[in-house]
Amino acid sequence: MYHLIVLILCIGMTIINYCYPIVSDNANPIFSDNVRISIIIVGIIAYLRYMYEKNVQKANLLLERAKDLENKEKAEATVGVGTCICVFQEGYQMIPGFYDFLIKFEDDSELILSSSKAEVTNKIITAKGKMLFYYVDRFIVDVEEIPTEISSEDK
C-alpha cells in the first residue's frame, strides 16, 4: 500500500514543480531536470510495484477461495456422472497447484473441473469407467468410481 502513497507524492511533486513557475514570479522550476526525471522514475516504479502487489493479492484470494470450495462437504456439492476426457498439462493450469480435468457428463455437457487433492487426482487418472463427481463451482470435492457390471459373455 505504501507504493500508492509514494506514487501520489511523486505526482504531487511533479505537479507542484510545473505549477510553481506559473504561480510565482520566479520563472525557474523548484527541481532541476535530474531531480524531475528521478521523481518520475520513482513514480513509475511505485506504480508498477503497486499493480504487482495488487495482482498478487488477487491471486492469493483466488487460491484461498479455491481451497475453501474444494474442502466443502459432499452434501453441499453438485453431483454428476461422467468420464474424464483430458488431464491438462502442468504448464496449462488455471490455478497453480491444481490439476485441471475436462469432464464429459452423461448429458453430453463438458466442464473443466480442478482439484489439488492427491487422492482425487489419482482416482481420476487411474479410473477406466464412469465416475461420480462431487463438485462445487468448478472444484472437485470428491469422486467415486462407478463399478461396471460384468456381463456373462465377458466371464
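Please treat every number below as a calculation from the coordinates, not as lab data. Treat the numbers as computed from the prediction; the structure is a model and nothing was measured. Heads up, the Cβs are rebuilt from the backbone with ideal geometry, glycines too, and the neighbour counts pull from every protein chain shown.
Values computed for the structure shown
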| item | result |
| --- | --- |
| Computed magnitude of the charge dipole of the stretch 2-70 (debye, nearest 20; Cβ of K, R +1, Cβ of D, E -1) | 120 |
| Dipole axis of the stretch 2-70 (+1 Lys, Arg; -1 Asp, Glu on Cβ), positive-most option in ASN17, ASN28, LEU62 | LEU62 |
| Per-q log10 I(q)/I(0), the stretch 2-70, q = 0.12, 0.24, 0.26, 0.27 Å⁻¹ (Debye; single scatterer per alpha-carbon; no solvent) | -0.47, -0.96, -1.03, -1.06 |
| Label-point separation in nm, VAL81 to CYS19, each point 7 Å along Cα→Cβ | 7.1 |
| Cα-centre dipole for the stretch 74-145 with unit charges at Cβ (Lys and Arg positive, Asp and Glu negative), debye to 20 | 160 |
| Taking the stretch 74-145 and dividing mean pair separation by its residue count, relative contact order in percent (alpha carbons under 8 Å, at least six apart) | 35 |
| Relative contact order for the chain, counting Cα pairs under 8 Å that sit 6 or more residues apart, in percent | 19 |
| Relative packing of 52-61, 69-78, 2-11, which averages over residues the other C-beta atoms within 10 Å, highest first | 2-11, 69-78, 52-61 |
| Antiparallel DSSP beta bridges within the stretch 74-145, as percent of all bridges there, nearest 5 | 95 |
